[in-house]
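Here the structure comes first, spelled out in structure tokens, and everything after it is commentary.
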Amino acid sequence: MRRLIFILLVIAICWFAADCARAAELQVPANAVAGQPLSINVSGGGTLYLIGPGQVIKREVKAGNVEIKGEELRSAGRWIAIAGDQSQVFWVKPGKPENLSFLARPSRVPVAKPNVISGVTFVFDKYQNMVIDPTPVNFKLSVGGAGSSKAVTSRQGVAWINSSSAAKAGAAQFVASVDDTEVKRVVQQVAADPCRLTMRVAGRTGDRIIVETEPVRDCSGNPVPDGTIVTFIQTDKSGKSTVDSRIKKGIAHAELPASDNATITVAAGVVLGNELHIGGR
Amino acid sequence: MGRILTLIFAILTLALIAAGTVHKSSTAPASTPEGAVQSLFAQAKTHDWKGAYSYVAAASNVNQEGFLRDLTGRNGSLRTYSQLDSVNTRVLHEAENEAVVRTELKYATAVGAFYDSQDLKVVKDEGAWKVVWPAEKEANVPPQVIPVNYLRWDIVWRGQGDDWGAQNVENPNCRILSMNAVERDGGLIIMGEVENEDTVPAFITVGAVLTDNSGKDVAEESSFDKISHVLLPKEISPYRIDFPGIKKSDVKSVRMTHNWMLVPASADPVIGVLHQRIEKDQTGRTVLKGELLNESGQTVNIPHVLATFYDNSGKVIWVSDAYSDHALLPQTPQPFSVALRDDLATNVHSNRVTVNNYSLNRAE
């Protein structure tokens, strides 16, 4: 009986040893990185399969190390290595940040408005794997060279910022960058509502009177864009005359019927300008 | 017997031929002033221009071509896209040789019914009544060069090659400035004003959804053509949405709907609205009259006038519109008239007129 137990014990130990030996046939590194070479130790020969997110690599192997090239190992995430009847799970981390997806909103915004511009950056490696490790992302918003920048550390691959528009109108360069990688967006900062709208009589031609505004600017001094509607209203004994003029080269101009006693007002949108009295006593 | 039958058939055949050939002339001389006007427009309705012209008195001093252009329109105006639908006449004054006939004409046009009213003078001419046609004086624009360095907005949209994060051009920011719901003639009318607050042109639509006391949507309408759809930067347009047959008491709430889109547009033409005044027309209705002046160098074929009326607190109390059946030639004033409800006339403190324009030769 004791001999039988001894024999069974020896068999069990041998089985365990053989099993341990078989497990050692497939060795994968603990810190695989997408885009970097990978070395896998396979004790026996056969076919090695590496199955990852959206990608499968197949190799005919002999005993020893198998080298997987960096450009082959493109997907970060959970991988399974299978050789013969052995398998092992390993994780591939994203590579270093090399791509940014940058959403900048809106594309057009009035000047001097607080928190109206938002920028959201998604950080990816060379193979579009999202880099979820905290990464410093630098945001820079500038018009004509002057502007501000701020560094934001990404969380779960996303970094975002809210910014105010500058007081100066123009095409603002909104840049997000990580190391040497940068993405540019343009945010058009446009003049706000006209401010201190004033007009004057510029002359008379025949039976018309010509009125024109001073250069139309917003409260920050930016010229209001050409094409903006400026309404001139003349009231006299024959009734009311209106002209919806368009700003051209910064000035709106209108021809109204000549009158010996009239009041002329000017407005742009909901902003009123000055009032002129022509003739009369 | 056979000869008699042949003779009878020959006579019968001749009689039938004569009956088919001889008929009462449709351009028979008019025996009454009203008959002359009715006959003239009856012939015009069937496009028998020569027949219609036969009812025009020689004193009119208009040739047939000019008369035809008066009836059918010129310069691609709304009249050129219309068809005379009905004519109502009423004698205002009649003497032995002269009469005045009020003529109300209804045209079917591409934008709905168009009404015109004229007091036509009718005279007895060689025993028959004929119409003294009020020939339109054709405006002749003198040869000239009108510099139009107009502005234009073009748009480059996001392309297929752009990465997914690249932003598209933003739609314009517009705002409904006011909304006023009133009950008129058994229907609910919602009106107000909308402004393009942006620096780019906008194509706008404004609508409304009515909700009843149980919270259910009962009606949905848009302002259709009672609005200027293309608004340039800082431009304000009135809007009016009609819900015929719906009472204000049946409506719990109104939900305004809108859509602002960025569109390519031209800042041309500038149309001045001159000498606006509220007065009574020849039929006694209250109207806003004035003149449109096209300050650009290109003909505006179909002008559409939108008038906003405010009370003394600045609230929009009525929005009215009218198409003109005459084209706006460059630098040539053209009268317009927009109806105003008589019951509101005393409440109107001020008004504002905007003009939509449709031009055949403009590529926008």
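Among the residues examined, A:R155 qualifies as charged (D, E, K, R) and over 27 Å from B:T199 (Cβ atoms). The residues of region A:183-203 that are touching a residue at least 60 places away in the same chain (Cβ under 8 Å), part of a strand (DSSP E or B) and away from chain B (no Cβ under 12 Å), listed by number, are A:C195, A:M199, A:R200, A:V201.
The number of residues in region A:230-269 being free of Cβ contacts under 8 Å to residues at least 12 places away in the same chain and in a loop (DSSP other than H, G, I, E, B) comes to 0.
Selection within region A:204-229: residues that are over 35 Å from the mean Cα position of the chain (by Cα) and in contact (Cβ under 8 Å) with a residue 60 or more places away in the chain. The member of this set that is surrounded by the most Cβ atoms within 10 Å (Cβ to Cβ) is A:T213. Against the test of being within 25 Å of the chain's Cα centre (by Cα), surrounded by fewer than 19 Cβ atoms within 10 Å (Cβ to Cβ) and in a helix (DSSP H, G or I), the options B:R69, B:R74 yield a single qualifying residue, B:R69.
Among the residues of region B:29-56, those identified as part of a loop (DSSP other than H, G, I, E, B), of a type in the set (S, T, Y) and free of Cβ contacts under 8 Å to residues at least 40 places away in the same chain are B:T46, B:S54.
If I go through region B:143-164 residue by residue, how many of them are part of a loop (DSSP other than H, G, I, E, B) and under 32 Å from the mean Cα position of the chain (by Cα)?
Narrowing region B:143-164 to residues part of a loop (DSSP other than H, G, I, E, B): B:143-151, B:154-164.
Still in the list and also under 32 Å from the mean Cα position of the chain (by Cα): B:143-151, B:154.
Within region B:143-164, residues that are part of a loop (DSSP other than H, G, I, E, B) and under 32 Å from the mean Cα position of the chain (by Cα) number 10.
Scanning region B:264-293 for residues that are assigned to a strand (DSSP E or B) and either without any contact (Cβ under 8 Å) to a residue 40 or more places away in the chain or within 9 Å of chain A (Cβ to nearest Cβ) (or both) yields a total of 15.
For region B:131-152, the criterion of being over 30 Å from B:A36 (Cα atoms), buried (at least 17 other Cβ atoms within 10 Å of the Cβ) and at pLDDT 85 or above is met by at least one residue.
Selection of first residues in region B:57-69 that are more than 18 Å from B:A327 (Cβ to Cβ) and not assigned by TED's automatic domain parsing to the domain that holds B:D325 and of second residues that are buried (at least 18 other Cβ atoms within 10 Å of the Cβ) and modelled with pLDDT under 90, restricted to Cβ pairs under 7 Å at least 6 apart or on distinct chains, gives the following pairs, ordered by first then second residue: B:A57/B:D125; B:A58/B:D125.
Among the residues of region B:165-184, those that are in a loop (DSSP other than H, G, I, E, B) and either more than 13 Å from chain A (Cβ to nearest Cβ) or surrounded by 16 or more Cβ atoms within 10 Å (Cβ to Cβ) (or both) comprise B:G165, B:A166, B:Q167, B:E170, B:N171, B:P172, B:N173. Applying the criterion of being more than 14 Å from chain B (Cβ to nearest Cβ) and in a strand (DSSP E or B) to the residues of region A:113-138, the residue that is surrounded by the most Cβ atoms within 10 Å (Cβ to Cβ) is A:N138. Among the residues of region B:337-358, those identified as touching a residue at least 60 places away in the same chain (Cβ under 8 Å) and over 19 Å from A:S245 (Cα atoms) are B:L340, B:R341, B:A345, B:V348.
Of the residues B:R240, B:R341, the single one that is out of contact with any Pro (no Cβ under 8 Å at 6 or more places or on another chain), assigned by TED's automatic domain parsing to the domain that holds B:V218 and among the basic types (K, R) is B:R240. Are there any pairs, at least 6 apart or on different chains, whose C-beta atoms fall under 6 Å, with the first in region A:61-81 and assigned to a loop (DSSP other than H, G, I, E, B) and the second hydroxyl-bearing (S, T, Y) and surrounded by 14 or more Cβ atoms within 10 Å (Cβ to Cβ), and if so, which? Matching pairs, first to second residue: A:A63/A:S43; A:R74/A:Y127. Looking at A:D218, A:D226, just one residue is touching a Cys at 6+ places or on another chain (Cβ under 7 Å) and within 11 Å of chain B (Cβ to nearest Cβ), and that residue is A:D218. Within region A:81-112, the set of residues being away from every other protein chain (no Cβ under 14 Å) and touching a Gly at 6+ places or on another chain (Cβ under 8 Å) comprises A:A83, A:G84, A:W91, A:V92, A:G95. Restricting attention to region B:243-262, the residues that are surrounded by fewer than 17 Cβ atoms within 10 Å (Cβ to Cβ) and either polar (S, T, N, Q) or in contact with an Asp or Glu (Cβ under 9 Å, 6 or more places away or on another chain) (or both) total 10. For region B:42-63, residues that are surrounded by 14 or more Cβ atoms within 10 Å (Cβ to Cβ), more than 23 Å from the chain's Cα centre (by Cα), over 12 Å from B:A135 (Cβ atoms) and of a type in the set (A, V, I, L, M, F, W, C) total 2. Considering every residue within region B:154-163, establish whether at least one is crowded, with 16+ Cβ neighbours inside 10 Å, not assigned by TED's automatic domain parsing to the domain that holds B:L329 and not acidic (D, E). No, every residue in region B:154-163 fails to be crowded, with 16+ Cβ neighbours inside 10 Å, not assigned by TED's automatic domain parsing to the domain that holds B:L329 and not acidic (D, E).
Condition check ((1) modelled with pLDDT of 95 or more; (2) within 14 Å of chain A (Cβ to nearest Cβ); (3) closer than 25 Å to B:V148 by Cβ) across all residues:
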position	(1), (2), (3)
B:Y310	yes, yes, no
B:Q331	no, yes, yes
B:S337	no, yes, no
B:A345	no, no, no
B:N356	no, yes, yes
B:S359	no, no, yes
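From the list A:V201, A:V187, the lone residue that is crowded, with 21+ Cβ neighbours inside 10 Å and among the aliphatic types (A, V, I, L, M) is A:V187.
When A:T263 is tested against the conditions (1) facing another protein chain (nearest Cβ under 8 Å); (2) more than 33 Å from the chain's Cα centre (by Cα), the lone failure is (1).
Within region A:154-175, residues that are touching a residue at least 40 places away in the same chain (Cβ under 8 Å) have Cβ atoms under 6 Å from residues that are surrounded by 17 or more Cβ atoms within 10 Å (Cβ to Cβ) and among the basic types (K, R) in these pairs: A:F174/A:R185, counting only partners at least 6 apart in sequence or on another chain. Taking the condition away from every other protein chain (no Cβ under 14 Å) and at pLDDT 90 or above, does B:V200 pass? No, not satisfied. Looking across region A:230-264, the residues that are under 24 Å from B:W153 (Cα atoms) and surrounded by 19 or more Cβ atoms within 10 Å (Cβ to Cβ) come down to A:V230, A:T231, A:F232, A:V243, A:D244, A:S245, A:R246, A:I247, A:A252, A:H253, A:A254. Listed residues B:E138, B:E235; which is more than 13 Å from every other protein chain (Cβ to nearest Cβ) and not aromatic (F, W, Y)? Result of the check over B:E138, B:E235: B:E138.
The values are calculated or read from the model by the stated rules, or taken from the named source; none is laboratory data. Everything numeric here is computed off the predicted structure, so don't read it as measured data. Cβ coordinates were reconstructed from backbone atoms using ideal geometry, including for glycine residues, and neighbour counts include every protein chain displayed.
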